[in-house]
């Protein structure tokens with residue numbers, strides 16, 4: 001069984017935040033922001049590590065400035081094929097934001 005803290009889990013090697021919003025179903029990964037809405041084409045945009053932090057915050061995840069800087073650094077490291085866990089104090093956790 002693979003969980004969000006298992007080193008074999010994709011959740012410790014990549015970012016994935018999802019939420020249903022007024023725009024539709026929004027997914028933010030370490031590479032892109034995707035919006036899916038009924039009756040509309042899927043919109044996918046490649047975003048920078050800094051824009052990734054903003055997109056995560058836009059989905060309701062509260063990050064202080066230190067956490068935001070750390071997340072941007074981790075996303076940049078993931079994009080270059082580095083180890084996302086190297087800079088983390090504890091294993092990654094899945095975060096579910098409910099409205």
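Answer with yes or no whether residue 1 is modelled with pLDDT under 95, surrounded by fewer than 13 Cβ atoms within 10 Å (Cβ to Cβ) and under 12 Å from the mean Cα position of the chain (by Cα). Considered against the rule, which asks whether it is modelled with pLDDT under 95, surrounded by fewer than 13 Cβ atoms within 10 Å (Cβ to Cβ) and under 12 Å from the mean Cα position of the chain (by Cα), residue 1 comes out as no.
Going residue by residue through the range 66-76, is there one that turns out to be over 13 Å from the mean Cα position of the chain (by Cα), surrounded by 17 or more Cβ atoms within 10 Å (Cβ to Cβ) and either outside any loop (DSSP other than H, G, I, E, B) or modelled with pLDDT of 90 or more (or both)? Scanning the range 66-76 turns up no residue that is over 13 Å from the mean Cα position of the chain (by Cα), surrounded by 17 or more Cβ atoms within 10 Å (Cβ to Cβ) and either outside any loop (DSSP other than H, G, I, E, B) or modelled with pLDDT of 90 or more (or both).
Note on the range 12-36: residues that are over 12 Å from the mean Cα position of the chain (by Cα) and surrounded by fewer than 15 Cβ atoms within 10 Å (Cβ to Cβ) total 5.
The values are calculated or read from the model by the stated rules, or taken from the named source; none is laboratory data. As the structure is a computational prediction, the values presented were derived from the model and not from experiment. Heads up, the Cβs are rebuilt from the backbone with ideal geometry, glycines too, and the neighbour counts pull from every protein chain shown.
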